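Trainee: The following block contains the structure, expressed as structure tokens.
The values are calculated or read from the model by the stated rules, or taken from the named source; none is laboratory data. Computed from a predicted structure; not experimentally measured. All Cβ positions, glycine included, derive from the backbone under ideal geometry; neighbour counts span all protein chains shown. Heavy atoms of the whole protein, side chains included, go into the accessibility calculation; ligands, DNA and RNA do not. Shrake-Rupley method; radii C 1.70, N 1.55, O 1.52, S 1.80 Å.
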Amino acid sequence: MKIAIVEDEAIVARRLERMVRAISGSSDVSIAATFDAAMALIRSRPIDLLFLDLNLNGRDGFALLEEAAAAPFQTVVVSAHHEQALRAFEYGVTDFVAKPWSEERLRLAFERTATREPQRRATTIVVRKGRELRSIAADDIVFIQGADDYSELHLADGSVHLHEKTLNALGALLPPHFLRVHRSYIANLARVRGVRASSLVMKDDTLVPVGRVYREAVRAKLGV
Amino acid sequence: MIALMLALTFAFPAQYEMRVGPEGAWTRVQSLSELPAGTDEVWMRGEIDLSQLRRIPGRPLAIYFGGMASHELYWDGVLIGRGGVVGSTKEAETPGPIESHYQIPDHLATPRVHSVVARMSSFHRGFAPVHGYWGVFVTDYDSMIKSRRWSAQVAMIAMSGLVITGVFAFALFWLTRRDRSFLLLGTLCLAAAALLLAEAWRPLFGYTYDWHVVRMRAIVALSWLVGVQLVALLVTRFPHRLGRTVLLATIAIAAVLPWIPQGWDQKSLFIFMLCGSVATAWTVFAAVRRMHGSVLALTGVGVAMIALLFNPWRWVDNLLYFALDFLFICLLCSHALEVRREQQEKARLQLEIVRRHMQPHFLMNTLTALSEWIEQEPKTAVRMIESLSEELRMLGEMSTRAFVTEEDELRLCRSHLENMSLRRDVAYELQVEGVDGARLVPPAIFHTLVENAITHGNGERVVMRLTSRTHGSRTKYTFESTRGEGRGARGEGTKYIEARLREAWGSAWSFRQSAIGDVWRAEIEVPA
């Protein structure tokens, strides 16, 4: 397991690294102490899990968080600023650990990443378009189609955006009304207009296939 | 209607005749202003019709005589009053009162036309009046007393406002210690009160006519003093680099102005027109620059100016005082608001030092590092707790003070550096040069520079250097550190230092920050 730590305070980083190694058993832990090093680390994939401090040498770490949110791996924010938690969760972080933390608290964060059960669901999905990052409100998503190791977000305005996270990863981050309806599809139930035998009719008239094994769950959730 | 009532309550001579010398020929004059202002023996005569005068039964009548002359007053040929001693030479004359009133014997106050004759001499005027000052009328004795008392009362009411405002401004000056504009407001109020007293001297106390010229000169001089002090106050209160020039120009022009017009009232009026216009313009300028309290000050100056333009002649007599009362109250309120703002700023700065160490970034990272030391190296943890306590203790002590010694400030910096070294595992070094330690500085300004250098500095070793040099009356502190990430924006630290310097030295300081290659340099210059 490749773990990255972004933290500018040496002793704090040392503590985090020590515990991360102990809990995960991984020996592949890298640390970035400055904003630029952190950006380089996040962009140099692969990483499996990122521990991110949002305040680096007085610079706002949300640019790093956006970058991480568009990436395939999971992110846990470790911050002194508890008031940043809500905003961090909006971007789809798996957990928010407030400083100072205990080893038990860090174990919980690892459990949440292992089970992909974030403490709060994301309301914003960040996608990369070439060099640019773009934030998309979750409510604008009609459905998501999964490919091998990426996903396609189909938005209400008809546009399609690629995301580096897998369908499973996105499904875990998004609110419960984003339901798995097919092996390769997640649909936004808030945008369903009608139900057919093997598909959902969305408000923009697109059809989202419903897999046989998901049919019962979909009907139950929609109440039809 | 008012004219009719006035005519019924007061009786004025219908026409006047005059002659110079006891043997001169009588000539008609249209009004009293035409009476010669000469110094020779002058006779005046006129007729007053009492048939229309409203009498209150049982009350005697009185005749008022005002003029810059010694006089003998004859009613139907009977001498009824004498002011001073009329003479044909300066030595022979004794100056009489500037205004007098005499009771008309009841048996002479019948409801018909009477003759009034005044014999006058005025060798003691000391100046040549344009019109002179004259007045003759008849009314009942009580009304005479009331009308003469009225102008004195108006003056006293207005004056009490000025004196209270002035004393209060002085008190505020002593309490706030260094705010010169309070001192100016105080002296301005007292000058205005003195002007008012000079104006009201005639109805209040009276004087012999030879003092008239002295009183008039005092009024012009005090008008000048009030006018230029008003401008000086506003220039001090709402500073700008043009202020000095504007003030000096106003002082000079206001000093020349009184030589232009002839009449005493015009001289004062010209001064007030000039100073009022400059004051209004300056306050408008301050309001445009959105300076604190400028709108309130503009209200006061504006109302005074409108009153002045609305009725320039009543202005000098009594509008002036109420306008000044209102203006000074506005200025005082504007000053009080400013003081309150400063107090709030002071409280905010005190709080900011303490809060800085309650901020999550400082507190939580410190506690996290401490947790690590406790688990890994308990002895280091204890050292960190020690240095942290020392720092917090010093900050608590310093936060309420306006000044601390350089030595205390450096001790604070060093304990912060020790604490941060333990927290961030960085070797921080503060080199100090030329700082004698005894001089006073506002609290936590070097601490703020050190803190900024830590926040933005990278690497395993960060060296900072503080040097101090005094040249003449100025001391210059130079603080240099390695330039790190994210430098350049005007952060909270910069604002804190500026606010502290402003609180300590008004505007007599400078604070510059610059990046020279890899070095971040902050330069603070203050009075030595």
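Trainee: Please enumerate the residues belonging to the stretch B:500-523 that are touching a strand residue (DSSP E or B) at 6+ places or on another chain (Cβ under 7 Å) and exposed (fewer than 12 other Cβ atoms within 10 Å of the Cβ).
Mentor: Hits for the stretch B:500-523 are B:ARG512, B:SER514, B:ASP518.
Trainee: Next question, about the same structure. Would you mind telling me which numbered condition in (1) more than 14 Å from every other protein chain (Cβ to nearest Cβ); (2) more than 47 Å from the chain's Cα centre (by Cα); (3) open to solvent by less than 50 Å² (accessible area, probe 1.4 Å) B:GLU390 fails?
Mentor: (3)
Trainee: Follow-up question, since we're still on this one. State the number of residues belonging to the stretch B:411-435 that are more than 14 Å from chain A (Cβ to nearest Cβ), of a type in the set (A, V, I, L, M, F, W, C) and out of contact with any Phe, Trp or Tyr (no Cβ under 7 Å at 6 or more places or on another chain).
Mentor: 4
Trainee: While we're on this one: I'd like to check something: does the stretch B:210-225 contain any residue that is within 10 Å of the chain's Cα centre (by Cα) and either under 21 Å from B:ILE251 (Cβ atoms) or open to solvent by 30 Å² or more (accessible area, probe 1.4 Å) (or both)?
Mentor: no
Trainee: Looking only at the stretch B:409-425, decide whether some residue is closer than 30 Å to B:PRO378 by Cβ, touching a Cys at 6+ places or on another chain (Cβ under 9 Å) and free of Cβ contacts under 8 Å to residues at least 40 places away in the same chain.
Mentor: Scanning the stretch B:409-425 turns up no residue that is closer than 30 Å to B:PRO378 by Cβ, touching a Cys at 6+ places or on another chain (Cβ under 9 Å) and free of Cβ contacts under 8 Å to residues at least 40 places away in the same chain.
Trainee: Name the one entry in B:GLY84, B:GLY46 that is modelled with pLDDT of 85 or more, under 24 Å from B:SER143 (Cα atoms) and surrounded by 15 or more Cβ atoms within 10 Å (Cβ to Cβ).
Mentor: B:GLY46
Trainee: So, one more: Inside the stretch A:38-57, can you point out the residues that are more than 18 Å from the chain's Cα centre (by Cα), within 21 Å of A:HIS81 (Cβ to Cβ) and open to solvent by 10 Å² or more (accessible area, probe 1.4 Å)?
Mentor: Once the filter is applied, which keeps residues that are more than 18 Å from the chain's Cα centre (by Cα), within 21 Å of A:HIS81 (Cβ to Cβ) and open to solvent by 10 Å² or more (accessible area, probe 1.4 Å), the stretch A:38-57 yields only A:ASN55.
Trainee: Inside the stretch B:321-362, can you point out the residues that are open to solvent by less than 50 Å² (accessible area, probe 1.4 Å) and either within 8 Å of chain A (Cβ to nearest Cβ) or of a type in the set (Phe, Trp, Tyr) (or both)?
Mentor: B:TYR321, B:PHE328, B:PRO360, B:HIS361, B:PHE362
Trainee: Inside the stretch B:53-71, can you point out the residues that are open to solvent by less than 10 Å² (accessible area, probe 1.4 Å), within 12 Å of B:PRO105 (Cα to Cα) and in contact with a Phe, Trp or Tyr (Cβ under 6 Å, 6 or more places away or on another chain)?
Mentor: B:ALA62, B:ILE63
Trainee: So, one more: Anything in the stretch A:38-59 that is out of contact with any Gly (no Cβ under 8 Å at 6 or more places or on another chain) and without any contact (Cβ under 8 Å) to a residue 12 or more places away in the chain? List them, or say none.
Mentor: Selection gives A:ALA40, A:SER44.
Trainee: Look through the stretch A:39-68, keep the residues that are touching a strand residue (DSSP E or B) at 6+ places or on another chain (Cβ under 8 Å), at the interface with chain B (Cβ under 10 Å from one of its Cβ atoms) and not in a loop (DSSP other than H, G, I, E, B), and return whichever of them is modelled with the highest pLDDT.
Mentor: Applying the filter and picking the extreme gives A:ASN55.
Trainee: Can you name every residue in the stretch B:72-102 that is closer than 18 Å to B:VAL136 by Cα and either among the small types (Gly, Ala, Ser) or in contact with a Phe, Trp or Tyr (Cβ under 6 Å, 6 or more places away or on another chain) (or both)?
Mentor: B:LEU73, B:GLY77, B:ILE80, B:GLY81, B:GLY83, B:GLY84, B:GLY96, B:ILE98, B:SER100, B:HIS101
Trainee: Considering B:ARG439, B:ARG423, which residue is more than 22 Å from B:TRP520 (Cα to Cα) and either at pLDDT 90 or above or surrounded by fewer than 18 Cβ atoms within 10 Å (Cβ to Cβ) (or both)?
Mentor: B:ARG439
Trainee: Select, from A:ALA4, A:ALA88, A:ALA71, the only residue that is within 18 Å of the chain's Cα centre (by Cα), on the phi < 0 side of the Ramachandran plot and assigned to a strand (DSSP E or B).
Mentor: A:ALA4
Trainee: So which of B:ARG348, B:ARG383 is modelled with pLDDT under 90 and either in contact with a strand residue (DSSP E or B) (Cβ under 9 Å, 6 or more places away or on another chain) or not acidic (Asp, Glu) (or both)?
Mentor: That would be B:ARG348, the only listed residue that is modelled with pLDDT under 90 and either in contact with a strand residue (DSSP E or B) (Cβ under 9 Å, 6 or more places away or on another chain) or not acidic (Asp, Glu) (or both).
Trainee: Quick check on my filter: what residues within the stretch A:1-17 are within 12 Å of chain B (Cβ to nearest Cβ), open to solvent by 10 Å² or more (accessible area, probe 1.4 Å) and touching a strand residue (DSSP E or B) at 6+ places or on another chain (Cβ under 8 Å)?
Mentor: Of everything in the stretch A:1-17, those that are within 12 Å of chain B (Cβ to nearest Cβ), open to solvent by 10 Å² or more (accessible area, probe 1.4 Å) and touching a strand residue (DSSP E or B) at 6+ places or on another chain (Cβ under 8 Å) turn out to be A:ASP8, A:GLU17.
Trainee: Any chance you could count how many residues in the stretch B:341-384 are within 29 Å of A:GLN84 (Cα to Cα) and among the basic types (Lys, Arg)?
Mentor: Number of matching residues: 3.
Trainee: In the stretch B:115-167, what residues are part of a helix (DSSP H, G or I), among the polar types (S, T, N, Q) and buried (at least 17 other Cβ atoms within 10 Å of the Cβ)?
Mentor: The answer is B:THR165, and nothing else.
Trainee: Check off (1) without any contact (Cβ under 8 Å) to a residue 40 or more places away in the chain; (2) away from every other protein chain (no Cβ under 14 Å); (3) acidic (Asp, Glu) for B:GLU480 and give me the number that stays unchecked.
Mentor: Checking B:GLU480 against (1) without any contact (Cβ under 8 Å) to a residue 40 or more places away in the chain; (2) away from every other protein chain (no Cβ under 14 Å); (3) acidic (Asp, Glu), the one that fails is (1).
Trainee: Okay, moving on. Looking only at residues in the stretch A:91-100 that are in contact (Cβ under 8 Å) with a residue 24 or more places away in the chain and part of a loop (DSSP other than H, G, I, E, B), which one is farthest from A:ILE136 (Cα to Cα)?
Mentor: So the residue we want is A:LYS99.
Trainee: Name the residue, out of A:VAL20, A:VAL29, that is within 14 Å of chain B (Cβ to nearest Cβ) and more than 24 Å from B:VAL450 (Cβ to Cβ).
Mentor: A:VAL20
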